[in-house]
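Novice: Would you mind keeping the following structure in view while I ask a few things?
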Amino acid sequence: YTKVDNVRRGLLVSQVATTMRNIMSQTGRYGVEMLDAAIESRLGGGTEGRAEELALRFFQDMKPSEAKKVNAILEQFPVEEAKIFNSPVGELHLGTKLTRFVNVLNTMQEKFFRRALFDAELRTSLKAAGQDVNAALANPKSIPYEMIENATMKALEGTFAAPAKPGTFGKAITDVYQKFPMLTTVNPFPRFWANSIDFLTSHNPAGFIKLAGLNKKAMEEI
């Protein structure tokens, strides 16, 4: 059932119009990530320079030469490479020639956003650790694995594809779908749904309460 259903779900996101909508939504999601990073950095609750790095990587990684550099880094870490690239349309495993063929455009756009997020997060972590970024990227094996792992998770979170965290509502949702696969006839993309709920919970108007807390902490430190 799952193999047949994966083909059906793959066809659901194969249209060019769907790809364009995904690009628009992912661009908006990326923009929110930059804004969030800028606010947190300003109030002392984030990593300095992360917002600028996100903006720079968004445009730099459009270049094929830069994309190849990021791919070369990921090739040194097969597990993280598989997490980022082997499931290009959310939670589907494109195991048939048909689903791979019809999802070429959607696959390309998701790889771009994940690559940019991974690149920006990795560079930010290296700078924060006081390392020479260019030297480290030229020798990927010298990069601490924790940084690679963290950058991979940020790339998945930023494209609504991260595995649900234990004890969360999203984890409860995906567990139910694993036990009852036919629920995909109701909602074909449970992981995307779970990640969306997590994102909206963190970025709804009630977030001003969190912002006020950060601002109070910053004022106390001053």
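No lab work stands behind these numbers, since they all come straight from the coordinates. Because the structure is a prediction, the values reported are computed rather than measured. Here the Cβ positions follow ideal geometry from the backbone for every residue, glycine too, while neighbour counts run over all protein chains shown.
Novice: Could you check the spin-label model distance between Thr168 and Tyr1? Points 7 Å from the Cα along Cα→Cβ, value in nm.
Specialist: 2.7 nm
Novice: Under 5 Å between amide hydrogens, which residues at least 5 positions from Ala162 or on another chain qualify, with H placed 1.01 Å from N in the peptide plane?
Specialist: Answer set, sorted by chain and number: Glu157.
Novice: Evaluate the distance, in nm, between pseudo-label points positioned 7 Å from the Cα of Gln178 and of Ala72 along their respective Cα→Cβ axes.
Specialist: Once both label points are built, they end up 3.8 nm from each other.
Novice: So what J values fall out for the range 187-203 if you push phi through Karplus, 6.51 cos²θ - 1.76 cosθ + 1.60 with θ = phi - 60°, rounded to Hz, Gly and Pro as x?
Specialist: 9, x, 10, x, 5, 4, 4, 4, 5, 5, 4, 4, 5, 5, 5, 7, 10
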